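Please treat every number below as a calculation from the coordinates, not as lab data. None of these values were measured; they are calculated from a predicted model. Methodologically, a virtual Cβ is constructed for each residue, glycine included, from the backbone with ideal geometry; neighbour enumeration extends over all protein chains shown.
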Amino acid sequence: MDHGVWPAHTTLLYVDQTGDVEFVLKPREYFRDPHLLRTRRGKVYRGSVFEHLLIQHLTAFFNVGEHNVCRLEGADWNDGLDMAPHRGESVAFSAFYAWNLKRLAEFAETLRRRGIKSVRLAEEVGLLLDRLPGQRRLNYRSPTAKRACLQRYLHAVSHDLSGRMISVRLEELRADLLAKYEDTASRIREQEWIRTAGGGFFNGYYDNDGKRVEGPHRLGMRMTLTGQVFPIMSGIATDHQVDRAIASVIRFLRDRRWGGLRLNTDFKEVQPALGRAFSFAYGEKENGAIFSHMAVMYACALYARRRTQEARKVWQALYHLATTPSVAKIFPCLPEYFNAEGRGMYGYLTGSASWLIAMLLTQVYGIRGELGDLVIDPQLTREDFGTRRTLAVNAPFANRAFRFTFMNPQRLDAGHYAVGRIVNERTGSEMPCVRRAGGGIRIARRHLARLPTHPATFFTIALNRGHKQIDPLPK
């Protein structure tokens, strides 16, 4: 059930890195099993990439179980949760789908600000946009009403499409998507929050008996790391909930010997109503191993919420395990997971590796794109600098090679410095930039376009004491 979140996540990442907004408006075919989707007249149907992304998320929004969150079906990211196809629900990935709905709404606003008033969608997609003017509004609090809406849509597209198109105003589409985001986000924030003595955390799942998976149990507290990652990463969790969830992760999921985070607590019995993961011995594979992939995504979520020190502890624990050969028994790498003995298993899983690289570059060093502009928003800690006063990273951007050197002569910690002026070392000139409300600075792509494509451009970034940013330079 998680397949739909990744195309939007990666496409929006591409747009941020490149500024290629037009890509999302390009028409693309749909696959229908081994064939291409056609209209009733036999013509191959082509819809925009934006339409593809909308359908993936609108159908997920309506495909809910009895607790009004997305159905788990055959599993989500965790392939081991594969025995709850009827009544299982994934709160964790409902948060991810909701986050993407909000980002797609923001993208609709981006298009509108660039002078695009409306988008053309297949007529059938209108069945899922019940907040558009003239549509009959559904009661989002009713799972039955949501499923009925989805069935009407599935019946309409069960064989082919009419081929008729509708024009949807972007401001109205944005309002529809935000209404769906708010519905799911508020439900997760309130319904799925489990209060515990001195803390709290999010429930991540419902099993095939319709029972909540996480929380107090006669065999001990039950908790998953996945259930915390996406409510935090998406911004759905309040700041208070983020801090309580961090405390609960440390209490229930941090391995006392190795410091790594386990994927779940020990449920102490098999889970025939949830998944075969729990048939593994505890600490192996998807049953409570120190799972690199989800641990790194958790660190990303904490960086996104400016919990820098806790985020660093997460990936540092993986690093120390991987570089302790007497325990890990591997050459230093990022394995899929560390088992109950701390041994690294399945070297360098690509998902773990790509998330780690992305996290270090875009969150720790803070080098990333924003609709094609360059953002520099580091969260480097005093420990990252060690005894050094500078740190540097090479990264491509805007079809150019860059070397970013961060100067921290006072060895200030993250949260206690602001990004100073950015100097082009080759010319000695300062780069025009604007300050971001969320932190760091932003350099317009048009300024980068004036730089040579080779050799590499060297930027020096001063980290100044205090939270206040310096005044922006003229554009």
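Each label point is 7 Å from the Cα along the Cα-to-Cβ direction; what then is the distance between the points at R152 and N394, in nm? That separation, rounded to one decimal, is 5.8 nm.
Listed values for the range 212-223 are Karplus-derived 3J(HN,Hα) couplings in whole Hz (6.51 cos²θ - 1.76 cosθ + 1.60, θ = phi - 60°), namely 5, 7, 9, x, x, 8, 4, 9, x, 4, 10, 7, and x replaces Gly and Pro. Fully extending the segment from E106 to R46, taken as 0.36 nm per residue of separation minus the present Cα-Cα distance, adds 19.2 nm. The simple Förster model, with R0 at 45 Å and r as the Cβ-Cβ distance, assigns Q309 and R426 a FRET efficiency of 0.80. For F458, the amide hydrogen comes within under 5 Å of the amide hydrogens of R403, E425, R426, counting only partners 5 or more places away or on other chains and with H modelled in the peptide plane.
Dipole magnitude for the chain: about 1140 debye, using +1 per Lys or Arg Cβ and -1 per Asp or Glu Cβ, origin at the Cα centre. Panel note: the C-alpha atoms of the range 193-364, placed on their principal axes, show extents of 42, 35, 25 Å (largest first).
Taking the mean number of other Cβ atoms within 10 Å as a proxy for protection, how do you rank 40-49, 452-461, 4-13 from highest to lowest?
Highest mean packing first, the order is 4-13, 452-461, 40-49.
Ranked by the mean number of other Cβ atoms within 10 Å of their residues, highest first, the peptides 368-381, 179-192, 395-408 fall in the order 368-381, 179-192, 395-408. Considering only L104, A456, L138, whose Cα is most displaced toward the positive end of the charge dipole of the chain, charges sitting on Cβ of Lys, Arg (+1) and Asp, Glu (-1)? The listed residue farthest towards the positive side: A456. In this structure, the amide hydrogen of I367, modeled 1.01 Å from its nitrogen in the peptide plane, lies closer than 5 angstrom to those of T362, D377, counting only residues at least 5 positions away or on a different chain.
Per-residue Karplus couplings for the range 181-194, computed as 6.51 cos²θ - 1.76 cosθ + 1.60 with θ equal to phi - 60°, are listed in order as 4, 4, 4, 5, 4, 5, 5, 5, 4, 9, 5, 9, 7, 9 Hz, Gly and Pro entered as x.
Distance from the alpha carbon centroid of the range 144-175 to that of the range 203-221 works out to 34 angstrom. With the dipole of the chain worked out from charges on the C-beta (+1 for Lys and Arg, -1 for Asp and Glu) around the Cα centre, which of H52, A395, V157 lies farthest toward the positive end? Most positive-ward Cα: A395. Highest average first, the peptides 106-113, 323-330 ordered by how many other beta carbon atoms sit within 10 Å of their residues are 106-113, 323-330. In this structure, the amide hydrogen of I194, modeled 1.01 Å from its nitrogen in the peptide plane, lies closer than 5 angstrom to those of F201, F202, N203, counting only residues at least 5 positions away or on a different chain.
Charging the Cβ of each Asp and Glu at -1 and of each Lys and Arg at +1, and nothing else, the dipole of the range 193-364 about its Cα centre rounds to 380 debye. Cross-link check: pairs K146/K285; K180/K313; K146/K211; K43/K102; K26/K102 evaluated at a Cα-Cα cut-off of 24 Å; pairs beyond the cut-off: K146/K285; K180/K313; K43/K102.
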